[in-house]
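The structure appears below as structure tokens.
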Amino acid sequence: MAAITPFLPYNLNARKNQIHRDYGNSDEEFWKNIRKDYLLKPEYINLENGYYNITPQPIMMKYLEHIKRVNYEGSYYMRTVQWENKTRVTKRLAVVVGCSSDQLIITRNTTESLDMIIGGYPWKKDDEAIFAEQDYGSMQDHFGLIAKRYGVVNKIVSIPNHPVSDEELVALYEDQITPKTKLIMVCHMINITGQILPVRKICDMAHKHGVEVMVDGAHCIGHIQVKIDDLNCDYYASSLHKWLSTPLGAGMLYVARDKISRIWPLMAEHDRDPNDITRLNHTGTHPVHTDLAINNAIDYLEMIGMERKEKRLRFLQRYWSEKVRNVKNVKVNTPVEDYRSCGIANVGVEKMTPAVLATTLFDEFHIFTVAIDYANVHGCRITPNVYTTTEELDIFVDAINTLASRI
């Protein structure tokens, strides 16, 4: 009887060699060839990659192999190698994000990671936390629960869309610090505008006051070059199904080594040393094939090159945003300086609510975006990806100009 083949291998290395052999010397041709790795709906131009990045086919093929393998081996896989494989993937991920693997765990998403810190922090009555109204809503909601449960005082700042300097941003947080302040939450990249904050400067300032810093890096891993050890933060979280393009359900949490023992786990784990970060990583039975696909997403990122990808994403954002910044009735809600943003930006049109703008862009111009209408940000978030072409962005620019001219 012929042997049963549970899955067919997909050779990502062959794809890498082919791309670099045929397109490595031409940047535009390189990105056009990368686009071929994506299955894209022809009905609209997708400029909403921030919620979830479509997984390119080379990663998807490996992901399907993992699903088939786990299903083929069943309980044998779960009882023998699942933890060994997760540890192996975690070690590789640690190299990518710039920290040691004994300070890193794989989670499902940024919300789970940061809520684990917010909910597991050793709060006492009248302790204070600081965060911004531009921070992600789920974490703000959890701080609200902590206020009700423990009597924590939440102090909320507002990040200007166009800051004058790093010092202005650092001072926003520092001015709120008192002897009762325990934790600051800060976005590495604000999800609604794409603004990159001076995280290292904020962390250094906070630590001088004995305050810990938790960083929301949901949009950073696989988007910009990140070395967590260089940030001097206490906690860092990201969603790997965003810009790393892992299939849905993958995130990460970094906890500084001297802070691990302070955090109560979300779910109880078997006996562990208090300083062992894996005690925070009890997940129960979950889709382990997603964990395995992180490795393939890293392969794909390395095939492109992180520096090259960041440069491309920044180029795409500035390609469209620079064309509309000075257009009458148009307002770009993202800083103009190169280093203060990358692939994400936000734009609004006067006398059009963000909801109407998003609907009109989709219905009339077949462009998919997301409306943002809170925290001093009124417009649509625009998030192209590496498969986005300048021709598509030209259509978007023409649409914004058309709408602005109707006012």
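The values are calculated or read from the model by the stated rules, or taken from the named source; none is laboratory data. Bear in mind the structure is a predicted one, so any value in this text is a computation, not a measurement. Here the Cβ is made from the backbone with ideal geometry for all residues, glycine too, and neighbour counts use every protein chain on show.
Of a type outside the set (D, E), more than 20 Å from T402 (Cα to Cα) and modelled with pLDDT of 95 or more: does that describe R325? No, not satisfied. The number of residues in the range 352-369 being without any contact (Cβ under 8 Å) to a residue 60 or more places away in the chain and part of a loop (DSSP other than H, G, I, E, B) comes to 2.
Looking across the range 51-70, the residues that are of a type outside the set (S, T, Y), touching a Pro at 6+ places or on another chain (Cβ under 9 Å) and in contact (Cβ under 8 Å) with a residue 60 or more places away in the chain come down to I59, M60, K62, I67, K68, R69, V70. Kindly check whether there is at least one residue in the range 370-378 that is acidic (D, E), assigned to a helix (DSSP H, G or I), surrounded by fewer than 24 Cβ atoms within 10 Å (Cβ to Cβ) and on the phi < 0 side of the Ramachandran plot. Within the range 370-378, not a single residue is acidic (D, E), assigned to a helix (DSSP H, G or I), surrounded by fewer than 24 Cβ atoms within 10 Å (Cβ to Cβ) and on the phi < 0 side of the Ramachandran plot. Applying the condition of being among the hydrophobic types (A, V, I, L, M, F, W, C) and not in a loop (DSSP other than H, G, I, E, B) to the range 32-46 and asking which residue is surrounded by the fewest Cβ atoms within 10 Å (Cβ to Cβ) yields I34. If only residues of the range 153-166 that are assigned to a loop (DSSP other than H, G, I, E, B) and of a type in the set (A, V, I, L, M) are counted, the one that is nearest to A132 (Cα to Cα) is I159. Only a single item in (1) under 23 Å from I260 (Cα atoms); (2) assigned to a loop (DSSP other than H, G, I, E, B) is not met by P247, and it is number (1). Taken over the range 183-233, the criterion of being in a helix (DSSP H, G or I) and either closer than 16 Å to E167 by Cβ or out of contact with any helix residue (DSSP H, G or I) (no Cβ under 8 Å at 6 or more places or on another chain) (or both) is satisfied by V199, R200, K201, I202, C203, D204, M205, A206, H207, K208, D229.
Might you check whether a residue that is in a helix (DSSP H, G or I), modelled with pLDDT under 95 and closer than 30 Å to Y254 by Cβ occurs anywhere in the range 15-30? Within the range 15-30 (the criterion being in a helix (DSSP H, G or I), modelled with pLDDT under 95 and closer than 30 Å to Y254 by Cβ), the answer is yes, since at least one residue qualifies. Of the residues making up the range 89-110, those that are in a helix (DSSP H, G or I) and either in contact (Cβ under 8 Å) with a residue 12 or more places away in the chain or closer than 14 Å to N281 by Cα (or both) are V89, T90, R92, L93, V96, V97, S101, D102, Q103, T110. Is the range 334-351 home to any residue that is in contact with a Lys or Arg (Cβ under 8 Å, 6 or more places away or on another chain), surrounded by fewer than 18 Cβ atoms within 10 Å (Cβ to Cβ) and in a helix (DSSP H, G or I)? Yes, the range 334-351 contains at least one residue that is in contact with a Lys or Arg (Cβ under 8 Å, 6 or more places away or on another chain), surrounded by fewer than 18 Cβ atoms within 10 Å (Cβ to Cβ) and in a helix (DSSP H, G or I). For the range 156-164, the criterion of being surrounded by fewer than 17 Cβ atoms within 10 Å (Cβ to Cβ), within 30 Å of L47 (Cα to Cα), without any contact (Cβ under 8 Å) to a residue 24 or more places away in the chain and among the aliphatic types (A, V, I, L, M) is satisfied by at least one residue.
Number of residues in the range 295-333 that are more than 19 Å from the chain's Cα centre (by Cα) and outside any loop (DSSP other than H, G, I, E, B): the value is 11.
In this structure, A345 qualifies as touching a Gly at 6+ places or on another chain (Cβ under 8 Å) and closer than 17 Å to I192 by Cβ.
Return the residues of the range 248-307 that are more than 21 Å from N85 (Cβ to Cβ), of a type in the set (D, E, K, R) and touching a strand residue (DSSP E or B) at 6+ places or on another chain (Cβ under 8 Å); say none if nothing qualifies.
K259
Looking at (1) of a type in the set (D, E); (2) crowded, with 18+ Cβ neighbours inside 10 Å; (3) out of contact with any Lys or Arg (no Cβ under 7 Å at 6 or more places or on another chain), which is the one condition that is false for D234? Every condition holds for D234 apart from (3).
Within the range 141-152, the set of residues being in contact (Cβ under 8 Å) with a residue 12 or more places away in the chain, in a helix (DSSP H, G or I) and touching a strand residue (DSSP E or B) at 6+ places or on another chain (Cβ under 9 Å) comprises F143, I146.
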